[in-house]
Structures are given as C-alpha cells and as structure tokens.
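Trainee: Before anything else, here's the structure in question.
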Amino acid sequence: MNKHFLDISKEQLTEILAEADLRVLLMVMYHFSGDRRWLEAPFLPSKDVRLIADESAGLPPSIQALIRAEALDLFSQPDLTPALGDPGDTLMVEMMQVCLGHRVPPEYAPMMREQMGLSSRLADITPAITLKTQRPVVIVGAGVSGIALGATLQELNIPFIIIERNSEVGGTWWQNTYPGCGVDTPNHAYSFSFGERFRWSRYFAPRQQLQDYMEKTATAMGLRQHIRFNTSFTRGNWDPVRQCWSVSVSNEEGSEQIEALALITAIGQFSLPAIPDFEGAEQFCGELFHTAHWPEGLDLTGKRVAIIGTGASAMQIVPNIADQVASLTIFQRGAQWARPIPRYHDAISEAGQWLLQHLPFYAAWFRFTMFWRYGDGLLPSLHKDPAWPHPERSLNRANDRHRQEMTDHIHETLGSRSDLIEKCVPDYPPYGKRILLDNGWYESLLKTQVELLTDGIKSIDSGGIHCKNGEYREVDIIILSTGFQVSQLSARLDIIGREGISLAQQWAPDDPKAHLGITVPGFPNLFCTQGPNTGLGHGGSAIFQSECQARYIGACLARMQQRNVSSIEVKQSVQDDYVATVDAEHEKMIWTHPGMSTYYRNGQGRVVTVMPWRLVDYWQMTHDPDFEQYVVTATELIHSA
C-alpha cells in the first residue's frame, strides 16, 4: 500500500477528500503547488455568507470531482513540500478573495496572516532582557485575556504573576456551568491564534470543551507555574516614589504584598452577575440563584421552574430543560432578536477532523473562513441612514432585510400562536441589543409546559412569584438569567492611582473611559483588557480582542525596558480625543437608537461597552503603541530586590 507525505493510504485520502471544504482545499493546493490555476476559473468558489457554508463551494459536480482528483494526486507525492508559505500581503488579498468569492479590503491581509499563523504576531517586538531584580507584572484573572497575556509576556521574556481567585483557569467558562452553556461564535474563530490546534467536536462547542481548551492551552504554554490559584486581588496602589504598583493579594494562608512593574486587569466584562432586587426574594423557600452560580448536581426533573430574563443564557438554558421540568414560566422584560443558525449542532466529521489536524494550511484557512463570516460583514448594516424612511423599525435597507428575515423565522416557527408572535417580535431595530442565536428557543415556547409572561414581576414570597397583572405562579426554583454588571469593568477592583483617586471614582458615575479601552490617565503602568468600548456588538471573537490587547501591552512593556522607562501614563488629551471619536462614531450607529434600552449604554445613554470599529481597525490601532501619546518617566529600570 503506497503512502504519501501525510503517511496515509491513497484509498483513505480519497475518502477524506470527499468531505473537504473545497474553498479551503483550493487554498491548500495553491500553497503546495504554486499553480495559479487554482486561483482562477473554473475553480472559483461562490460567495456564501452562511456561518457554516456549503463545503461544495457552489462549484458544479464535475469541477468538484476534478479538484478532489488533482488534490489526491498532489498529496500522494512522497516528498511533497509547500511551494509557498507566507504569501505576503498582495497575494494574500487575492487568495482571500478567491476563497470567499468576494472582495476583501487590502488592510485585512497583514491581520489575517498573523491570525492564521502565516506570519508571527510578535515578530517585530524585541524581547526583553530579564533581570533577576526586575519586578514582575501582575495580571489579575486567568481567563481568556489572562491566558493571552501570559503567553505574550512569556514569549517576550517579561516576568509575570497571574492572580486567579478560582481553582482553575477559564474565567467565565469555569464559572458558568448552566445547562446548554456554550459559545455563540464558531470555535475555529473563538480560539487563540497561537498554541496547538484543539479538536473541537462541533462548529459551536459546548462549555465543557471550551473549559478543556483553556486548561490545555494554559498547560501547553507553560503558564501554570506563573498562576496563583485560589488567590484574590485585594488592592493595588501606585507608588510614585518607587515607580511601581503595590499589589495586595490574599488566600487561605494569609495576605501578601507584591511590588509590580505593571498591573493588568483581565477580569472580563461577564464575571460580576447582575442581581435584581425583588421585594420578598429573601422569603422564597425554594432555590433561587443566578445562572452564573448554577448549583452542582441540581435536578430539575418534575420541578416547577421560573426563569427571569430572556437574554443569551436563558436562550441556551430553556431548550435544554424544557422537557425535564413539570412547568417552566419565563418572565420577559423585552423581546430579543435571534438569528436561526442552520447546522448549529452539526458535529465535525472524522474526515474533517483529520484534515484540520494533519493537512498543513487546512486549519489556517478553515479558521479564516469562519473568522470572516462572523467578523466585520455585519457592521455596515448597523449604521444609521439619515434618509431611511422607517427609523422606528430599522436603520437602513440591509438592516430592514435582516429584520424581515428574523421576523419571518419567528412567524414560521411559532405558526398560528399569534399570542407568542406578539410577545417575541421586538419593537426596535435588529442588533440594537446583543444579537442571539436561536438554539431551539422558539420551538421550546410552543411546548405545553412552557409559558412566556411579559407583564413583569411585582414581588416574590415563600412559594412563588406575584406578577404585576395580579396573577401568581407557584414555583420550586427561580433562575435569574439577568446578565452581568458589564459597565463597571476594572473599576470593580480596588485600584488607587497616582493622585490617590480610585479607578471607581475616576469612572463614576457608571462612565468608564480608557484610551483604546486599555490605558487610563492618572494610572501609570495600569493596563485593562476587555475594557471600555472594546466589546463586540457586531460579531467577531473576544479571543481576537484579547490578543490585540495582549500584543499592545506586551509591546509597551518591552519598549519600556529597552528605553530604560519606569512608567508610562496616557495623556488626558489623548484619551479625551479618543473617547470623543468613539462617541461621535456611536452617534451614527444602532446602539444610540432612541426608544430602547441596552446594557451597551450607561445610565446617561452613552455607549460604554462595545466598540464602533471594524476588527481590522482595532487591530491596527493596537498593533504598535505610540509613546508620544504617553507621559514617559525615564528612571533606572533595575531595582533593588
């Protein structure tokens, strides 16, 4: 039996190639052959904007067969080596456009080359020279951002300590264990650009796989030796004399002071639950808890359950428990737009897994296709068209088309249930709030044991919930699916800056501001991740954001050492200009649309969580720090131990 360079038989490879994504396979064939005909007609894939696109790439059967036959011959060569590695920017644009079947702006080329591992994400940053007496960087949190930071600082030779209050890495994926918990971004985009490829079982993986991935990545990157688990951050004080952060931490063994070169917050936007203050809640005799505090081993079989809220968590929980409970009462404050995702539950076939694991360049281009379809394509439809005649229902023609598509989906799923349709069609434009994925949500509402109430809650007593319309529901369990306190961000931590002012005071009232969402005037050597106006309301991956911020922070710290700088502090004027630009851009976008509420805005109506930029814009903004934007204090870098 003949083997090729992939050490597999020709018969086996034939079976595997039959399930390959042809748009991805064509790019791989070009990498290995250098033959330009794979970028030309008749081998040009059709445009397909679905999150999980048709693997045939819209090509006729005869062309599909020809591609697979020639791929078999190409990859059956015994000593095959790639003719092309990193294509560079110009050729990369051409390859991306062929792969997707539509135009790609040239500025995406360098970003995607890094994201796909075709070029190094840290190649142009000079690593630091570690000194035995050098103070470490303290990172608070070992979730997605903490892992990205740890991997970056380790590669740049910068000493660091990660403080983690939990017993394991993972952050929100460690904390949230409710039924149906999972990611709403395709996993091959919601993953780090560095490290080993993970074997995702599905396109949208469940929570446990995400947690496994975080744990394995931390281990593989050698981060565990830097993490102090079950340790809480107590306080951080900037010492202007010693030019360092005095960081207080505590665990069951006591408290400790750490002198830190820099303090980095990596606690995310979704770690502090929002708990409503319902009258009489303390009298309830059953179990009452937030989704982030799901009791281990909880059995809902035959229980009368109430769930308060209809956001992302509820939409995942309800389809997973509806058939288990005796009754399920859902309390909805406002309807949400939800997109149907065909093939959401599809498993990745064994052939697909093999290609992702063993065929060079395949995983990189597969990641690209997923990243692109869930990236910036939606953003133009979120801009207000001043000439649009129906601003009460949508923003522009494309936004109105999305509204019609999602409305049609609601009508098709709920059928003759006009009562439910009235409750489920939102009265604001699509994407005005976080867009959700229909994971069986509407079908669950049709079940006889499920009811959707919209009149609001008056109070709670020992046995159930009093509704504002005078009705009463006896329940055994109350689940709070009421979201998180997202606007506090890093101000949840006790951080005291240069003038003795806390970050909470600086950002009061409920108005966080930071240059690039990362640095704050008055707080030297403080860096925030997932900070103000860095959330993603239009698509994309929080892991991508964390890598952008990790690179920026790592580049700042490396440059500080190279230039013998002890501290940097962003200028107030720089932050003011940036925030003004952000606010002006948001005025053109959906999240400032009147007549609706969203957690993206603070109490004064200012958008404080999500960013108005394309992913590529933020990547460019954070790629290379400009020290002209900072007050730089140059003193001796070497400190006494």
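Trainee: Applying the selection to the range 1-44, what residues are assigned to a helix (DSSP H, G or I), more than 21 Å from A83 (Cβ to Cβ) and either in contact with a Phe, Trp or Tyr (Cβ under 8 Å, 6 or more places away or on another chain) or among the polar types (S, T, N, Q) (or both)?
Mentor: Q12, T14, I16 - these are the residues of the range 1-44 that are assigned to a helix (DSSP H, G or I), more than 21 Å from A83 (Cβ to Cβ) and either in contact with a Phe, Trp or Tyr (Cβ under 8 Å, 6 or more places away or on another chain) or among the polar types (S, T, N, Q) (or both).
Trainee: Give me a count of the residues in the range 597-616 that are modelled with pLDDT under 95 and aromatic (F, W, Y).
Mentor: 2
Trainee: Name the residue, out of S145, S167, that is assigned by TED's automatic domain parsing to the domain that holds S193, closer than 14 Å to A218 by Cα and part of a loop (DSSP other than H, G, I, E, B).
Mentor: On the way: S145 fails: part of a loop (DSSP other than H, G, I, E, B).
Going through S145, S167 in turn, the sole match is S167.
Conditions (1) in contact with a Phe, Trp or Tyr (Cβ under 9 Å, 6 or more places away or on another chain); (2) at pLDDT below 95, marked per residue:
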residue	(1), (2)
T185	yes, yes
W200	yes, no
P206	no, yes
D212	yes, no
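Trainee: Let me ask you something else. So which residues in the range 196-217 are in a loop (DSSP other than H, G, I, E, B) and either touching a residue at least 60 places away in the same chain (Cβ under 8 Å) or in contact with a Lys or Arg (Cβ under 6 Å, 6 or more places away or on another chain) (or both)? Steps first, please.
Mentor: The first filter runs over the range 196-217 and keeps only residues in a loop (DSSP other than H, G, I, E, B), leaving 196-201, 203-205.
If the condition is that a residue be in a loop (DSSP other than H, G, I, E, B) and either touching a residue at least 60 places away in the same chain (Cβ under 8 Å) or in contact with a Lys or Arg (Cβ under 6 Å, 6 or more places away or on another chain) (or both), then R197, R199, W200, S201, Y203, F204 are the ones that fit.
Trainee: Confirm whether D427 is touching a residue at least 12 places away in the same chain (Cβ under 8 Å) and more than 24 Å from R333 (Cβ to Cβ).
Mentor: When the stated conditions are applied, D427 does not pass them.
Trainee: Sticking with this structure for a sec: Pairs needed: first member in the range 513-537, at positive phi; second member anywhere, surrounded by fewer than 24 Cβ atoms within 10 Å (Cβ to Cβ) and in a strand (DSSP E or B); C-beta distance under 6 Å; at least 6 residues apart or different chains.
Mentor: N525/S567
Trainee: Since Q549 meets every condition but one in (1) more than 29 Å from K384 (Cβ to Cβ); (2) part of a helix (DSSP H, G or I), which condition does it not meet?
Mentor: (1)
Trainee: Related question: Looking at (1) within 22 Å of R563 (Cα to Cα); (2) surrounded by fewer than 18 Cβ atoms within 10 Å (Cβ to Cβ), which one does Q97 not meet, given that it meets all the others?
Mentor: (1)
Trainee: Which residue is nearest to P509 (Cα to Cα), if the candidates are limited to the range 607-623 and must be among the hydrophobic types (A, V, I, L, M, F, W, C) and in contact with a strand residue (DSSP E or B) (Cβ under 9 Å, 6 or more places away or on another chain)?
Mentor: So, considering only residues that are among the hydrophobic types (A, V, I, L, M, F, W, C) and in contact with a strand residue (DSSP E or B) (Cβ under 9 Å, 6 or more places away or on another chain), the one nearest to P509 (Cα to Cα) is V608.
Trainee: Further question: Any residue in the range 278-292 that is part of a strand (DSSP E or B), charged (D, E, K, R), free of Cβ contacts under 8 Å to residues at least 24 places away in the same chain and over 30 Å from E19 (Cβ atoms)? Walk me through it before giving the result.
Mentor: Taking the range 278-292 first, the residues part of a strand (DSSP E or B) are 287-290.
Now narrow it down to the ones that are charged (D, E, K, R): 287.
Going one step further and asking which of them are free of Cβ contacts under 8 Å to residues at least 24 places away in the same chain, we end up with none.
No, the conditions are met nowhere in the range 278-292.
Trainee: Also: Say whether the condition of being without any contact (Cβ under 8 Å) to a residue 12 or more places away in the chain and among the hydrophobic types (A, V, I, L, M, F, W, C) is met by at least one residue in the range 579-595. Explain how you work it out, then say what you get.
Mentor: We begin by selecting, within the range 579-595, every residue without any contact (Cβ under 8 Å) to a residue 12 or more places away in the chain; these are 580-581, 584, 587, 594.
From what's left, among the hydrophobic types (A, V, I, L, M, F, W, C): 580, 584.
Yes, some residue in the range 579-595 is without any contact (Cβ under 8 Å) to a residue 12 or more places away in the chain and among the hydrophobic types (A, V, I, L, M, F, W, C).
Trainee: Check A142 against each of (1) crowded, with 20+ Cβ neighbours inside 10 Å; (2) of a type outside the set (S, T, Y); (3) within 30 Å of L22 (Cβ to Cβ) and name the one condition it does not meet.
Mentor: Here A142 clears every test but (3).
Trainee: Could I ask something else about it? Filter the range 228-265 for residues that are in contact with a Pro (Cβ under 9 Å, 6 or more places away or on another chain) and not in a strand (DSSP E or B); which is farthest from G170 (Cα to Cα)?
Mentor: Of everything passing the filter in the range 228-265, P240 is farthest from G170 (Cα to Cα).
Trainee: Output the residues belonging to the range 65-93 that are over 26 Å from A18 (Cβ atoms), surrounded by 15 or more Cβ atoms within 10 Å (Cβ to Cβ) and of a type outside the set (A, V, I, L, M).
Mentor: Correct list: P87, D89.
Trainee: So which pairs qualify, if the first residue must be in the range 48-66 and in the same structural domain as H188 (by TED's automatic domain parsing) and free of Cβ contacts under 8 Å to residues at least 24 places away in the same chain, the second must be charged (D, E, K, R) and surrounded by fewer than 18 Cβ atoms within 10 Å (Cβ to Cβ), the Cβ gap must be under 6 Å, and the two must be at least 6 apart or on different chains?
Mentor: As it stands, the answer is none, since no pair meets every condition given.
Trainee: Given the conditions (1) under 25 Å from P179 (Cα atoms); (2) in contact (Cβ under 8 Å) with a residue 12 or more places away in the chain, report the number of the one that R417 does not fulfil.
Mentor: Tallying (1) under 25 Å from P179 (Cα atoms); (2) in contact (Cβ under 8 Å) with a residue 12 or more places away in the chain, R417 fails exactly one: (1).
Trainee: Could you check, for the range 131-142, whether at least one of its residues is among the small types (G, A, S) and either more than 30 Å from Q211 (Cα to Cα) or part of a helix (DSSP H, G or I) (or both)?
Mentor: Residues of the range 131-142 among the small types (G, A, S): 141-142.
This time we only want the ones that are either more than 30 Å from Q211 (Cα to Cα) or part of a helix (DSSP H, G or I) (or both), so: none.
Checked against the condition, which is being among the small types (G, A, S) and either more than 30 Å from Q211 (Cα to Cα) or part of a helix (DSSP H, G or I) (or both), the range 131-142 yields no hits at all.
Trainee: Just to check your reading of the model, which residue among A151, A53, A83, A65 is part of a loop (DSSP other than H, G, I, E, B), farther than 20 Å from P360 by Cβ and aliphatic (A, V, I, L, M)?
Mentor: A53 is the lone residue from the list that is part of a loop (DSSP other than H, G, I, E, B), farther than 20 Å from P360 by Cβ and aliphatic (A, V, I, L, M).
The rows are residues; the columns are (1) among the hydrophobic types (A, V, I, L, M, F, W, C); (2) at pLDDT below 95; (3) over 21 Å from the mean Cα position of the chain (by Cα); (4) surrounded by fewer than 19 Cβ atoms within 10 Å (Cβ to Cβ).
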position	(1), (2), (3), (4)
S573	no, no, yes, yes
Y578	no, no, yes, no
V582	yes, no, no, no
W619	yes, no, no, no
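Trainee: Can I ask one more? Hey, does the range 518-534 have a residue that's assigned by TED's automatic domain parsing to the domain that holds V144, part of a helix (DSSP H, G or I) and surrounded by fewer than 24 Cβ atoms within 10 Å (Cβ to Cβ)?
Mentor: So the first thing to find is which residues in the range 518-534 are assigned by TED's automatic domain parsing to the domain that holds V144, and the list is 518-534.
Applying the additional criterion that residues be part of a helix (DSSP H, G or I) yields none.
No, every residue in the range 518-534 fails to be assigned by TED's automatic domain parsing to the domain that holds V144, part of a helix (DSSP H, G or I) and surrounded by fewer than 24 Cβ atoms within 10 Å (Cβ to Cβ).
Trainee: In the set Q225, Q269, which member is at pLDDT below 95 and either surrounded by fewer than 18 Cβ atoms within 10 Å (Cβ to Cβ) or part of a loop (DSSP other than H, G, I, E, B) (or both)?
Mentor: Being at pLDDT below 95 and either surrounded by fewer than 18 Cβ atoms within 10 Å (Cβ to Cβ) or part of a loop (DSSP other than H, G, I, E, B) (or both) holds for just one of Q225, Q269, which is Q269.
Trainee: Looking at the structure I just gave you, is G280 out of contact with any helix residue (DSSP H, G or I) (no Cβ under 7 Å at 6 or more places or on another chain) and surrounded by fewer than 16 Cβ atoms within 10 Å (Cβ to Cβ)?
Mentor: Details: out of contact with any helix residue (DSSP H, G or I) (no Cβ under 7 Å at 6 or more places or on another chain): yes; surrounded by fewer than 16 Cβ atoms within 10 Å (Cβ to Cβ): yes.
It is true that G280 is out of contact with any helix residue (DSSP H, G or I) (no Cβ under 7 Å at 6 or more places or on another chain) and surrounded by fewer than 16 Cβ atoms within 10 Å (Cβ to Cβ).
Trainee: Would you pick out the residues in the range 170-183 that are surrounded by 19 or more Cβ atoms within 10 Å (Cβ to Cβ) and either in a loop (DSSP other than H, G, I, E, B) or of a type in the set (D, E) (or both)?
Mentor: Within the range 170-183, G170, G171, N176, Y178, C181, V183 qualify.
The values are calculated or read from the model by the stated rules, or taken from the named source; none is laboratory data. Everything numeric here is computed off the predicted structure, so don't read it as measured data. Glycine gets a Cβ as well: all are built from the backbone with ideal geometry, and neighbour counts include every protein chain shown.
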